[in-house]
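Presented below is the structure to which this report refers.
The values are calculated or read from the model by the stated rules, or taken from the named source; none is laboratory data. Please read these numbers as outputs of a predicted model, since none were measured by experiment. Ideal geometry is used to build each Cβ from the backbone, glycine not excepted, and the neighbour counts take in all protein chains shown. Note: areas computed on protein heavy atoms with side chains; ligands, DNA, RNA excluded. Shrake-Rupley method; radii C 1.70, N 1.55, O 1.52, S 1.80 Å.
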Amino acid sequence: AKSQTRGSCSFYSEDMKRGEMQRLALETHLRHALPRNELALHYQPQVHIASGRTVGVEALLRWSHPELGMVSPATFIPVAEESALILPIGQWILETACRQARSWQDDGLPPIRVSVNISGLQLKQPHFVDLMEQTLRRTGLGPEWLELELTETIMMENTEDNIRTLYQLKALGVHLSMDDFGTGYSSLSYLKRFPIDKLKIDRSFVRDLMTDPDDGAIAETIIAMAHGLGLEVIAEGVETADQLEFLQARHCDKCQGYFFSKPLPAAEIPAFLSRSLPG
Ligand code: C2E
Ligand code: CA
Ligand code: CA
Ligand code: CA
């Protein structure tokens, strides 16, 4: 019995060691990703339901490593956050997305807003607002064409400082969206203290919209509450016509998901926009 215990104990720690080594290896690879040009942004269309128009795109990070292949952001973003690599990578994302949006405008494409996911570590940088302002100036993108997506969880941390930063960002003229809404612990009374423009209904509620009455009720409630507070609302992860119909009937403003398009390389966005012009 004794050896069994020791055995399972050492097995457990071997497992942990392996996990830690994988994390470290990933971190080492990730450290080279930016200088070696392994990172790219893909852009997922966001559709205004009533008009059918694509009015925005969300920038989503892609990492293609020569040996590991495509690594999912769900795997490497946490590593980037723990190692603070998300700071230089996040700045590159902002810069690239803003420059891309400006370049689409210069090409005469119908105007679309670009949404960028911001990590909590980025938001906490004392000079984040200055960095933001410089990035907009350098890339020539009008602030009204940039939206920052911050998760509910990030907004609830460090709240007083965050509220101040959010007001400064709003003052720059950028739009603010609360991502993954409904999955965190935000108290509703906080919602009115954040100068946000939009709530983003988390994919987990959209997935079973048609089969789980609870999820339907949650989505419906979020939409009504957002509108009651004067906020826009967008649903993510819309995959079927049924889901779209449900959301449309409840006056959800915008939708994003595989039903319209997967995240696309920048070069495919112009063709998508001309294909999806209504009428
Ligand atoms: P998120 O911000 O909630 O992004 C939405 C995720 O849902 C994306 O996964 C997107 O590809 C996926 N998705 C979109 N439509 C559908 C759909 O209809 N069905 C399903 N099943 N999935 C859909 P992705 O690109 O793998 O990103 C995962 C997460 O990684 C993101 O979740 C975000 O938290 C993080 N992430 C991605 N790019 C960035 C970035 O540039 N910066 C930061 N800080 N985080 C990022
Ligand atoms: Ca997002
Ligand atoms: Ca989300
Ligand atoms: Ca989500």
Problem - Test for Glu152: is it touching a residue at least 40 places away in the same chain (Cβ under 8 Å), surrounded by 15 or more Cβ atoms within 10 Å (Cβ to Cβ), within 16 Å of ligand 4 (Cβ to nearest atom) and within 21 Å of Gly184 (Cα to Cα) - result: no
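Suppose the filter is among the acidic types (Asp, Glu) and farther than 22 Å from Thr96 by Cβ; does Glu149 pass it?
On the way: among the acidic types (Asp, Glu): yes; farther than 22 Å from Thr96 by Cβ: no.
When the stated conditions are applied, Glu149 does not pass them.
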Exercise for the section: Please tell me if Asp180 is within 15 Å of ligand 3 (Cβ to nearest atom) and touching a helix residue (DSSP H, G or I) at 6+ places or on another chain (Cβ under 7 Å). Expected result: yes
Handout entry: strands (runs of 3 or more DSSP E) contained in region 36-124 and holding at least 3 residues open to solvent by less than 40 Å² (accessible area, probe 1.4 Å) and of a type in the set (A, V, I, L, M)
Key = 39-48, 54-65
Exercise for the section: Among residues belonging to region 172-198 that are buried (at least 22 other Cβ atoms within 10 Å of the Cβ) and within 12 Å of ligand 2 (Cβ to nearest atom), point out the one that is modelled with the lowest pLDDT. Expected result: Phe181
Exercise for the section: Hey, could you check region 232-251 for residues that are touching a residue at least 40 places away in the same chain (Cβ under 8 Å) and away from ligand 4 (no atom under 16 Å from the Cβ) and say which is most open to solvent (accessible area, probe 1.4 Å)? Expected result: Gln248
Handout entry: Residues being open to solvent by less than 50 Å² (accessible area, probe 1.4 Å) and within 16 Å of ligand 2 (Cβ to nearest atom) - total across region 199-223
Key = 8
Problem - Options Leu199, Leu209, Leu247: the member that is touching a helix residue (DSSP H, G or I) at 6+ places or on another chain (Cβ under 6 Å) and closer than 20 Å to Gly52 by Cα - result: Leu199
Handout entry: Count of residues meeting criterion [closer than 19 Å to Leu229 by Cβ and either within 14 Å of ligand 3 (Cβ to nearest atom) or touching a helix residue (DSSP H, G or I) at 6+ places or on another chain (Cβ under 7 Å) (or both)] in region 160-174
Key = 2
Completion exercise
Flagged pairs (Cβ under 7 angstrom, 6 or more apart or on separate chains; first in region 100-123, more than 14 Å from His42 (Cβ to Cβ); second among the charged types (D, E, K, R)) are Arg113/Glu147; Ile118/Glu149; Ser119/Glu81; Gly120/Glu157; Leu121/Glu81
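Conditions (1) away from ligand 1 (no atom under 16 Å from the Cβ); (2) hydroxyl-bearing (Ser, Thr, Tyr), marked per residue:
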| position | (1), (2) |
| --- | --- |
| Gly173 | yes, no |
| Met178 | no, no |
| Ser187 | yes, yes |
| Lys198 | no, no |
Completion exercise
Residue hits (region 42-59; touching a Leu at 6+ places or on another chain (Cβ under 7 Å) and within 16 Å of ligand 3 (Cβ to nearest atom)) are His42, Tyr43, Gln44, Ala59
Exercise for the section: Examine region 112-129 for a residue that is out of contact with any strand residue (DSSP E or B) (no Cβ under 9 Å at 6 or more places or on another chain) and of a type in the set (D, E, K, R), and state whether such a residue exists. Expected result: yes
Handout entry: Of residues in region 155-189 being polar (S, T, N, Q) and under 15 Å from Glu133 (Cβ atoms), the one farthest from ligand 4 (Cβ to nearest atom)
Key = Gln168
